[in-house]
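Have a look at the structure below, then the notes.
The values are calculated or read from the model by the stated rules, or taken from the named source; none is laboratory data. Nothing here was measured: the structure is a model prediction, and the numbers come from that model. Positions of Cβ are generated from backbone atoms using ideal geometry, with glycine treated the same way; all protein chains shown enter the neighbour counts. Areas reflect the complete protein model, heavy atoms only, side chains present, ligands, DNA and RNA absent. Shrake-Rupley method; radii C 1.70, N 1.55, O 1.52, S 1.80 Å.
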Amino acid sequence: MPRINADLVLRNGTVWCGHDDPHAEAVAVWQGRILATGSSDDISELIGPSTTVIDLEGRLATPGLNDSHLHLSSVGLLSSWVDARPAAAPTVSGLMDALRQRANTLAPGQWVLARGYDQTKLDVKRHPFREELDAAIPDHPVMLVRTCGHVAICNSKALALAGIDEATATPPGSLIEKQNGKLTGLLAENAMERVYAAHPAASEDDLVAAIERGGKVLLSYGITSCMDAAVGMTAGFTEIAAYHRAKREGRLPVRAWLTLLGDPGRSIVPQCHAAGLISGTGDDMLMIGAVKIFLDGSAGGRTAWMSKPYLGDDQTTGVRMLNDNELTDLVLDYHGKGYQLACHAIGDAAIEQLITSYERALEAMPDPDRRHRIEHCGFSTDAQHQRMVKAGIYPCPQQVFVYDFGDAYLSVLGEERGHPSYPMKTWMDLGLKPSTGSDAPVCDPNPLPNIYSMLTRKTWKGTVMDERQRITLPQALQAYTEHGAFSQKREARKGRLVPGQLADIAVFSRNLFKATPEEILEDTRVDLTILDGKVVHQA
């Protein structure tokens, strides 16, 4: 049998092959798959005249990262919006200046769109008011979206274009905030849809370009696979067409596992099902994954549905999107059609409602390996964990939320409920295989704050959020690779650097196993990203 020469060899470093696999010094790739791992000397025997050889120089190589929950097209689309994140606009006056500057570049009447503010990090510790937007930008409709994407502040022109005034009834699963009978400009959850409908929708061309832009951002962070959460939320079924076109035209930079929006009135599931697009349809680059239903909002925005009120308001327990029967009917329908489900539930009350619906579907139509997911699962309880283990329901959290929003959780929920949020070690110990992700553009897709948060449980301010939930670096990498693949039923194809698996590799600028958490956060980057055996990013 003729000897196989590798197409690509990485050597002279540390190769983390998987949580239960031994470390190696080198890895060989052939025809887009992992050929072998081992010592540098052993792998040198696979080097031929046409082999590309990369010297790791002591750096760490891992399987390509899998961001198990983000919004890929939105990452690309929002690159043209005003950056309202705290680092760019830490004060209300600075935020108004940024919006005003954008308005000055637009013709009167054109929309000013911004995203990223967090009222808990603004100097005034509150949401901006409609009147402040009116004063700063009087000639343009303005929509300022909170970092979570579940709350927006609009000026009077935007509200008028959306047909919202003081007499407008609040839709189910929504909030149209008023103070003393007057609109404050704050809209939450489904109420935001009227504003989105009032400004120009993204075209298929826009979406393809956004997918390409967003995917290139992910590659720069070593992310080779992602789950796009709630495909259809921006432009309906057109988003499915855009993904397939992007793939055909070679403009899909990363492996995408699509989660279809399944909310009542906005669902694209009927069209997808009629087209034969059910869970598992597709290939290694583009696959239909699951169906997503929103059960509540965000904790920092005080719209996650909790069993007990938020601090400072005995009446506020968040936003409940659906009643029990509505949710169970939807889950039974999608489960019966063969879909995996990946539904949004952050508050403990929403998680309770979702687990109950999943249990009923699995009892009615058993499938021990359906792997229904709870997206975020931020404030789950011990009793809920036991039910998840029994039913085969898996948490898909974003541990960077602890870093970015942990202090906000303490401010709106208090220490007793805030500190143990996103209990990663508990899930690990129970065998629930938690993955991790960024929910970008909610948080930056950079994996390093996410890893830092898993190792330290520290927020951006240095607050420690229940140190008992810290996990090890191998566990953090496992969440970003093996568990991400498991959550998509793709663990036989990717997530480890073992022979036969996809040759997706991330090379960090240092050996993370010899770095402190602070060095990982502040002084590390991804130097090289390899997808399907080809170098697709080089710092």
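Output the number of the condition that Arg59 fails; it satisfies all remaining conditions of (1) of a type in the set (Lys, Arg); (2) over 30 Å from Phe405 (Cα atoms); (3) at pLDDT below 95.
It is condition (3) that Arg59 fails.
Could you count how many residues in region 314-332 are touching a residue at least 40 places away in the same chain (Cβ under 8 Å), over 16 Å from Arg373 (Cα atoms) and part of a helix (DSSP H, G or I)?
1
Touching a residue at least 60 places away in the same chain (Cβ under 8 Å) and within 28 Å of Ser203 (Cα to Cα) - does that describe any residue in region 117-138?
Scanning region 117-138, I find no residue that is touching a residue at least 60 places away in the same chain (Cβ under 8 Å) and within 28 Å of Ser203 (Cα to Cα), so the answer is no.
Of the numbered conditions (1) out of contact with any Asp or Glu (no Cβ under 8 Å at 6 or more places or on another chain); (2) open to solvent by less than 20 Å² (accessible area, probe 1.4 Å); (3) of a type outside the set (D, E, K, R), Leu207 fails exactly one; give the number of that condition.
That leaves (1) as the condition not met.
Check Pro445, Pro474 and return the single one that is assigned to a helix (DSSP H, G or I) and in contact (Cβ under 8 Å) with a residue 24 or more places away in the chain.
After ruling out the rest, the residue left standing is Pro474.
Just to check your reading of the model, which residue among Ala191, Ala242 is open to solvent by less than 10 Å² (accessible area, probe 1.4 Å), among the small types (Gly, Ala, Ser) and farther than 30 Å from Met285 by Cβ?
After ruling out the rest, the residue left standing is Ala191.
Okay, residues lined up against (1) closer than 21 Å to Leu78 by Cβ; (2) under 20 Å from the mean Cα position of the chain (by Cα); (3) open to solvent by less than 10 Å² (accessible area, probe 1.4 Å):
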| residue | (1), (2), (3) |
| --- | --- |
| Gly236 | yes, yes, no |
| Lys247 | no, no, no |
| Val254 | yes, yes, yes |
| Leu258 | yes, yes, yes |
| Leu261 | yes, yes, yes |
| Gly265 | no, no, no |
| His273 | no, no, no |
| Thr281 | no, no, no |
| Met287 | no, yes, no |
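For the list (1) closer than 25 Å to Glu25 by Cβ; (2) free of Cβ contacts under 8 Å to residues at least 24 places away in the same chain, I need the number of the one condition that Glu522 fails.
Condition not satisfied by Glu522: (1).
Just to verify a result, which residue in region 95-129, among those that are of a type in the set (S, T, N, Q) and closer than 20 Å to Glu177 by Cβ, is surrounded by the most Cβ atoms within 10 Å (Cβ to Cβ)?
Out of the qualifying residues, it is Gln119.
So how many residues does region 108-154 have that are at pLDDT 90 or above and within 12 Å of Leu187 (Cβ to Cβ)?
Result for region 108-154: 10.
Within region 1-25, take every residue that is β-branched (Val, Ile, Thr) and farther than 21 Å from Leu477 by Cα and give me the one that is modelled with the highest pLDDT.
Ranking the qualifying residues of region 1-25, first place goes to Val9.
List the pairs whose first member sits in region 99-115 and is closer than 12 Å to Val82 by Cα and touching a residue at least 12 places away in the same chain (Cβ under 8 Å), whose second member is of a type in the set (Gly, Ala, Ser) and part of a loop (DSSP other than H, G, I, E, B), and whose Cβ atoms are under 9 Å apart, counting only residues at least 6 apart or on separate chains?
Leu99/Ala84; Leu99/Ala89; Ala114/Ala84; Ala114/Ala89; Arg115/Ala84; Arg115/Gly149
Search region 248-264 for residues that are under 24 Å from Gly297 (Cβ atoms) and pair each with any residue that is at pLDDT below 95 when their beta-carbon atoms are under 6 Å apart and the residues are at least 6 apart or on different chains.
Once the first residue is under 24 Å from Gly297 (Cβ atoms) and sits in region 248-264, its partners that are at pLDDT below 95 give Leu261/Ala230; Leu261/Met233.
Looking at (1) surrounded by fewer than 16 Cβ atoms within 10 Å (Cβ to Cβ); (2) among the small types (Gly, Ala, Ser); (3) over 30 Å from Phe401 (Cα atoms), which is the one condition that is false for Ser79?
With respect to (1) surrounded by fewer than 16 Cβ atoms within 10 Å (Cβ to Cβ); (2) among the small types (Gly, Ala, Ser); (3) over 30 Å from Phe401 (Cα atoms), Ser79 is out only on (3).
Could you tell me whether any residue of region 26-40 is at pLDDT 95 or above, β-branched (Val, Ile, Thr), surrounded by fewer than 19 Cβ atoms within 10 Å (Cβ to Cβ) and touching a strand residue (DSSP E or B) at 6+ places or on another chain (Cβ under 7 Å)?
No, there is no match, as no residue in region 26-40 is at pLDDT 95 or above, β-branched (Val, Ile, Thr), surrounded by fewer than 19 Cβ atoms within 10 Å (Cβ to Cβ) and touching a strand residue (DSSP E or B) at 6+ places or on another chain (Cβ under 7 Å).
Could you tell me whether region 279-299 includes any residue that is modelled with pLDDT of 95 or more, farther than 30 Å from Ser225 by Cα and among the acidic types (Asp, Glu)?
No, region 279-299 contains no residue that is modelled with pLDDT of 95 or more, farther than 30 Å from Ser225 by Cα and among the acidic types (Asp, Glu).
Among the residues of region 4-23, write down those that are in contact (Cβ under 8 Å) with a residue 40 or more places away in the chain and among the charged types (D, E, K, R).
The answer is Asp7, Arg11, Asp21.
Which one of these does Ser487 not meet: (1) over 20 Å from Asp369 (Cα atoms); (2) in contact (Cβ under 8 Å) with a residue 24 or more places away in the chain; (3) of a type outside the set (A, V, I, L, M)?
Status for Ser487: all satisfied but (1).
What number goes with the only condition from (1) at pLDDT 95 or above; (2) on the phi > 0 side of the Ramachandran plot that Gly312 does not pass?
Result: Gly312 fails condition (1) only.
Which members of region 385-418 meet the condition of being buried (at least 21 other Cβ atoms within 10 Å of the Cβ) and not in a helix (DSSP H, G or I)?
Scanning region 385-418 gives Ile393, Tyr394, Pro395, Cys396, Pro397, Gln398, Gln399.
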